[in-house]
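The values are calculated or read from the model by the stated rules, or taken from the named source; none is laboratory data. Since we're looking at a predicted model, the values are computed, not measured. Neighbour counts are summed over all protein chains in view; Cβ atoms, including those assigned to glycine, are modelled from backbone coordinates with ideal geometry.
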Amino acid sequence: MNPDVLLIGCGDLGSRIGVRLTEQGHTVLGVRRNADRVPAPLRGLSADLTKAAPQLPPLDLRYLVVALTARPRTEDAYRATYVHGMGRALDALDSAGQAPDRAVLVSSTAVYGDVPDGVLIDEGQRARPTDGPGRMLLEAEELFASRIRRATVLRCSGLYGGRSARLVEKVRSGQVGDPDRWTNRIHRDDAAAAVVHLLTQVGSPQSLYIGSDDEPALMGDVAGHLAAQLGVPAPPPGDLSRAHGKRLSNARLRASGWVPTYATHREGM
């Protein structure tokens with residue numbers, strides 16, 4: 001069968017999305033620099049989108065997911081991957097005469113930039129990126145919306161639950177700073193489930209959703225919970241009277257019927 005799902009970007013998150021879709025009976029093609037790293041039962045296609053458009057095989061396209069990763073975190077890298085790279089992939093779809101019924105772009109809440117401390121952000125908050133990568137993400141969102149019919153953007157907060165254990169190692173070594181900063185996160189499994197939910201279960205998805213868990217948390221509280229699990233000395237706790245940073249609301253995504261498996265960092269960590 002020709003693939004009916006195309007994943008532009010098939011790293012950790014994209015692979016989780018693809019596996020969930022295959023479990024629903026879909027045939028998934030994942031585009032990645034090295035197709036050998038695309039997990040079965042997904043099909044892989046090697047392409048470096050920063051250099052050239054992918055050579056797509058025959059498709060019977062129904063769903064499109066863009067879940068790219070740019071390294072390093074610089075404006076140039078994000079432009080090459082999210083703007084030019086995604087644009088090349090969309091050009092290839094146009095050349096193949098393929099248009100998805102539904103499409104989701106995984107973006108980031110980094111597009112909100114700096115906001116007044118403690119403000120609860122929802123989809124009505126205007127994006128005001130304050131750095132180059134954030135500006136490139138917003139440009140990619142606008143490009144996606146302009147070229148894809150029924151396009152949905154999912155802005156995810158801090159992803160965790162993969163191979164990286166950076167926060168765990170910081171807690172273990174006692175190097176966690178700024179305990180009073182608000183943090184927002186979503187487990188990769190819940191982010192993958194949200195993408196599949198918006199593709200397959202929502203009758204008329206809106207154009208924008210925030211993907212985050214149920215509880216913004218102070219860094220000191222997150223680190224303290226991890227320290228207790230690790231059996232290491234607890235870092236300074238968060239102080240609400242000195243809290244700063246942004247908090248994110250997942251109310252719109254929740255209202256669509258999505259339910260996170262890991263509602264807070266305590267379950268997910």
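Every test in (1) under 22 Å from L199 (Cβ atoms); (2) under 14 Å from the mean Cα position of the chain (by Cα) is passed by A110 save one, and that test is (1).
V111 meets the conditions (1) surrounded by fewer than 20 Cβ atoms within 10 Å (Cβ to Cβ); (2) modelled with pLDDT of 95 or more in every case but one. The failed one is (1).
Scanning the range 115-134 for residues that are in a loop (DSSP other than H, G, I, E, B) and either in contact (Cβ under 8 Å) with a residue 24 or more places away in the chain or touching a Lys or Arg at 6+ places or on another chain (Cβ under 6 Å) (or both), we see that the one that is surrounded by the most Cβ atoms within 10 Å (Cβ to Cβ) is P129. Screening the range 195-243 for residues that are in contact with an Asp or Glu (Cβ under 8 Å, 6 or more places away or on another chain) and of a type in the set (D, E) and picking the one that is surrounded by the most Cβ atoms within 10 Å (Cβ to Cβ) gives D213. Considering the range 244-269, and only residues there that are of a type in the set (D, E, K, R) and farther than 12 Å from E215 by Cβ, the residue that is surrounded by the fewest Cβ atoms within 10 Å (Cβ to Cβ) turns out to be R254. A search for C-beta distances below 9 Å between a residue of the range 54-67 that is farther than 12 Å from D94 by Cα and any residue that is modelled with pLDDT under 95 and surrounded by fewer than 19 Cβ atoms within 10 Å (Cβ to Cβ), counting only pairs 6+ apart in sequence or on different chains, returns D60/M1.
Look at the range 91-108: where a residue is under 30 Å from H187 (Cβ atoms) and part of a loop (DSSP other than H, G, I, E, B) and a partner is among the hydroxyl-bearing types (S, T, Y) and at pLDDT 95 or above, sitting 6+ places away or on another chain with Cβ atoms under 8 Å, you get P100/Y63; D101/Y63.
Applying the criterion of being of a type in the set (G, A, S) and at pLDDT 95 or above to the residues of the range 232-269, the residue that is farthest from V196 (Cα to Cα) is S249. Candidates in the range 156-194 are the residues that are in contact (Cβ under 8 Å) with a residue 40 or more places away in the chain, aliphatic (A, V, I, L, M) and over 18 Å from I210 (Cα atoms); of these, the one that is surrounded by the most Cβ atoms within 10 Å (Cβ to Cβ) is V171. Among the residues of the range 42-68, the ones that are surrounded by fewer than 15 Cβ atoms within 10 Å (Cβ to Cβ) and in contact with an Asp or Glu (Cβ under 9 Å, 6 or more places away or on another chain) come to 2 in all.
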